[in-house]
Amino acid sequence: MDDPMNQKPQNAQGVPTCYRHPDREAGVRCTRCERPICPECMVDASVGFQCPECVRGGSGTGHAPTATQPRTIAGGTVAADPRLITKILIGLNLAVFLVQLSVGDRFTERFELLGRAYVPLLGSLQGVAEGQSYRLLTAMFLHDPHSYVHILFNMLSLWWIGGPLEAALGRIRYLTLYFVSGLAGSGLTYLIAAPNQPSLGASGAIFGLFGATAVLMRRLNYDMRPVIALLVINLIFTFGWSNIAWQAHIGGLVGGVVVGYAMVHAPRDRRTLIQFGVSGLVLAAVVLMTVLRTIQLT
């Protein structure tokens, strides 16, 4: 028995009529299922027009509905709110900062990045070398509680750079880039900084976003001068001011460039494998740096 949805309605004169509105003539057919559709039912597509059912369900293509979803340049799904993850990251950083202000230095010294040192406030040896590897991650969400400039500058940078990058990559790839870059910065800091030198801040992850933005702009043949100028200014501050963990900035920048290149240059047929494979390799490098430094300190 024929499927009534696949029938081609016609009026008495043999002119096709819309399958949803039989009283209306249809001079166009859906490019997927070939059912006749009237102007009210026509949905503009990359090639021709499609009927509402095919647009909603992906029918007539032989693929799942998600296969027809629009994609970013990196293969991510285009989201209704392209800055959602950036907003969440900013909110998380601000929330942790409020906790730092409320609880005091004890909280900050418990979670900041530290190689290995005696912390009087905690009364014991502390650091990644003491088995506290979580500090590599938690330090990414801490900021100097005695300086509002630190968190203000980082959050403004995250909004300006992170928002457009999230829209270009998609949420999952953007989040992967952020965390891998931040951990690369933490790993390099742990490896070469003095073991008693504390480090904290989202700067490593943000420098990773800078690096990935430069890669993306070059891929799209955009004018690179603005982002290069901004990056140079940040590097001047990195090496010109005291009490700045330049290791986190450089580590994050290198990690961001490597992951960002994989995100926007991976060939379409192996895109996901290469993107997350390269991200995994950068994380493996972080693990290797952590193991080597721990062996050295203990």
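The values are calculated or read from the model by the stated rules, or taken from the named source; none is laboratory data. Please read these numbers as outputs of a predicted model, since none were measured by experiment. No Cβ is skipped: glycine too gets one built from the backbone with ideal geometry, and neighbour counts run over all protein chains shown.
Values for this structure:
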quantity	calculated
Residue match in the range 181-196 (condition: in the same structural domain as ALA266 (by TED's automatic domain parsing), of a type in the set (A, V, I, L, M), modelled with pLDDT under 95 and surrounded by 22 or more Cβ atoms within 10 Å (Cβ to Cβ))	no
Flag if ASP2 is in a loop (DSSP other than H, G, I, E, B), surrounded by fewer than 12 Cβ atoms within 10 Å (Cβ to Cβ) and at pLDDT 80 or above	no
Selection within the range 133-163 - more than 26 Å from the chain's Cα centre (by Cα) and among the polar types (S, T, N, Q)	SER147
Number of the exception - LEU137 against (1) surrounded by fewer than 16 Cβ atoms within 10 Å (Cβ to Cβ); (2) closer than 18 Å to GLY204 by Cα; (3) without any contact (Cβ under 8 Å) to a residue 12 or more places away in the chain	(3)
Some residue of the range 160-171 being in the same structural domain as VAL99 (by TED's automatic domain parsing) and more than 23 Å from MET224 (Cα to Cα)	yes
Flag if ARG218 is in contact (Cβ under 8 Å) with a residue 12 or more places away in the chain and surrounded by fewer than 24 Cβ atoms within 10 Å (Cβ to Cβ)	no
Test for LEU94: is it over 26 Å from the mean Cα position of the chain (by Cα), more than 26 Å from ILE192 (Cα to Cα) and in contact (Cβ under 8 Å) with a residue 40 or more places away in the chain	no
Yes/no for SER157 being of a type outside the set (Val, Ile, Thr) and surrounded by 16 or more Cβ atoms within 10 Å (Cβ to Cβ)	yes
Answer from ARG270, ARG225 - the residue that is among the basic types (Lys, Arg) and at pLDDT below 85	ARG225
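The rows are residues; the columns are (1) over 24 Å from LEU297 (Cα atoms); (2) out of contact with any strand residue (DSSP E or B) (no Cβ under 6 Å at 6 or more places or on another chain); (3) in a loop (DSSP other than H, G, I, E, B).
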{"site": "THR213", "(1), (2), (3)": "yes, yes, no"}
{"site": "ARG218", "(1), (2), (3)": "yes, yes, no"}
{"site": "TYR222", "(1), (2), (3)": "yes, yes, yes"}
{"site": "GLY251", "(1), (2), (3)": "no, yes, no"}
{"site": "GLY255", "(1), (2), (3)": "yes, yes, no"}
{"site": "VAL258", "(1), (2), (3)": "yes, yes, no"}
{"site": "ALA262", "(1), (2), (3)": "yes, yes, no"}
{"site": "LEU273", "(1), (2), (3)": "yes, yes, no"}
